[in-house]
Amino acid sequence: MSVPTAARLGFLSCHVCERVTRAVTGAAAPKCPRCGARLHSRKPSSVARTWALLIAAAILYVPANAQPVMITTSLFGTQRDTILSGVAYLWQSGSWPLATLVFVASVVVPLLKLLALGYLAASVHYRSRRNVLGRSRLFRVLEFVGRWSMLDVFVVMVLAALVKLQSLANIQAGPGAMWFGIVVVLTMLASMSFDPRLIWDSVGEDDGRQAGAI
Amino acid sequence: MAMALLVACHECDLLQREPDLPQGGKALCSRCGATLYVRRRDTIDRTLALVFAAAVLFAIGNAFPVVTMEIQGQRTEALVWQGAWRLYKDGEPLVGGIVFLTAFVFPLVQIVGMLSILLPLRLGLTPRYLVPAFRTVEESRPWSMVEVFMLGVLVSLVKLSHMATVVPGVGMWAFFALIIVLASATSVLDPREVWDRLDATAANGTAPDDCREGSTA
């Protein structure tokens, strides 16, 4: 017998309140009887949406890193900082734990998220059955860490809000901050549109076919 | 209502019988190990108390400056919404918007939303707006980023400390307390109990036959 999942047994579970309902065949756009959220067995065109958002994020990741996120104007001239030069500055000024933190949050996490979500989407597309539990855990981690990438945007915001001393020094957000903010939002939307249940859908599928053949 | 209901794992979709849990018990998916649900003790009362505290802290945090900076006699201070506004005026409306939404609007939605749901529930009232309101609270949670914002404040403090005197303000302490209180509120909240109460009081005659275990046979 194949693994008894809600989808195979003709049930729908609500993604908001988790109530399980029997699927009515032919009913267009069923809604959860308890919370009213739209019900679907799997998130609609999950893999395609994830890919679209990931590709958009990957493209914008380039200007996010190439363009300055922060522009400092002072008596000594104008300094344009990208995310990486900001990390380098922190490192040189001796706050290496903080430099590491910012590096992880604004470089490692977004890159990891782009690669790992891409891997998950591809593995679902090719109906991989390898390391299902590991992939499921990977997704759990990705969902949790994604939002921390917003760190650098907040740093720029606080600095731009505080350092407004007409003649002495002025800090402004650069265009990179906008691209970077969009990248973080896009990767969050990408992981929200990915349905982790798809990872498990290839498991126990063949068993069903075999049972049918015998 | 002690009937055996079905639960589908939100991570792997395995359909399983809902185990009866003791207070504080946790149900794990038997296939992938994801947490199906946790039963919390006095969830409404406890969450309500914490959300009240969060509301007070949020008000303080936004009424007083988070940081004050001093360079050669010149002082500037920043509040959250001011920071977002300055970004907007500097010609970065999008960044300002993202900051305003994630550090101000969505945390506010969380706090006001939970108050407006739990308070009537505690008083035994179930106005109609409760269901869409709770759905909004549950769905918007990932976008409320107070803790990420505060980490950003800390990083900027260190960056500024090389060139200016920076003093953490009342707002900052309020925000730190807010992080702890909001996190505890989410961890003592048992969404299933809230949904169950909303369901039981919906009273429009839709008996949950379709999700009872017997109906699979």
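The values are calculated or read from the model by the stated rules, or taken from the named source; none is laboratory data. What you see is a predicted model; the values in this text were computed from it and never measured. Please note: Cβ atoms are built from the backbone with ideal geometry, for glycine as well, and neighbour counts cover all protein chains shown.
Some points to look at:
- Residue satisfying all of: in the range B:29-46; hydrophobic (A, V, I, L, M, F, W, C) and in contact with a strand residue (DSSP E or B) (Cβ under 6 Å, 6 or more places away or on another chain); nearest to the other protein chains (Cβ to nearest Cβ) among these: B:L36
- Being polar (S, T, N, Q), facing another protein chain (nearest Cβ under 9 Å) and surrounded by 15 or more Cβ atoms within 10 Å (Cβ to Cβ) is a property that A:S46 lacks.
- Residues of the range A:162-173 satisfying the condition of being closer than 13 Å to B:G91 by Cα and crowded, with 23+ Cβ neighbours inside 10 Å: A:I171, A:A173
- Qualifying residue in the range A:144-154 (condition: more than 9 Å from chain B (Cβ to nearest Cβ) and either more than 24 Å from B:E70 (Cα to Cα) or among the aromatic types (F, W, Y) (or both)): yes
- Within the option set A:P30, A:P4, A:P63, being within 14 Å of chain B (Cβ to nearest Cβ) and within 30 Å of A:M178 (Cβ to Cβ) holds for one residue only, A:P63.
- Pairs with Cβ under 6 Å, 6+ apart, first in the range A:134-148 and on the phi < 0 side of the Ramachandran plot, second of a type in the set (S, T, N, Q): A:L142/A:S191; A:E143/A:S191; A:G146/A:T187; A:G146/A:S191
- Index of the failed condition, B:L15 passing every other in (1) more than 30 Å from A:V3 (Cβ to Cβ); (2) surrounded by fewer than 22 Cβ atoms within 10 Å (Cβ to Cβ); (3) at pLDDT 90 or above: (1)
- Applying the condition of being touching a Phe, Trp or Tyr at 6+ places or on another chain (Cβ under 8 Å) and at pLDDT 85 or above to the range B:47-79 and asking which residue is nearest to the other protein chains (Cβ to nearest Cβ) yields B:V66.
- Neighbours by Cβ (under 7 Å, 6+ apart or cross-chain): first from the range B:120-148, farther than 21 Å from B:S184 by Cβ and facing another protein chain (nearest Cβ under 10 Å); second acidic (D, E) and surrounded by fewer than 20 Cβ atoms within 10 Å (Cβ to Cβ): none
- Comparison of A:A169, A:A116, A:A122, A:A190 shows that the only residue that is facing another protein chain (nearest Cβ under 9 Å) and either more than 26 Å from B:C32 (Cα to Cα) or of a type outside the set (K, R) (or both) is A:A169.
- One residue from A:R42, A:R80 being at pLDDT 90 or above and not in a helix (DSSP H, G or I): A:R80
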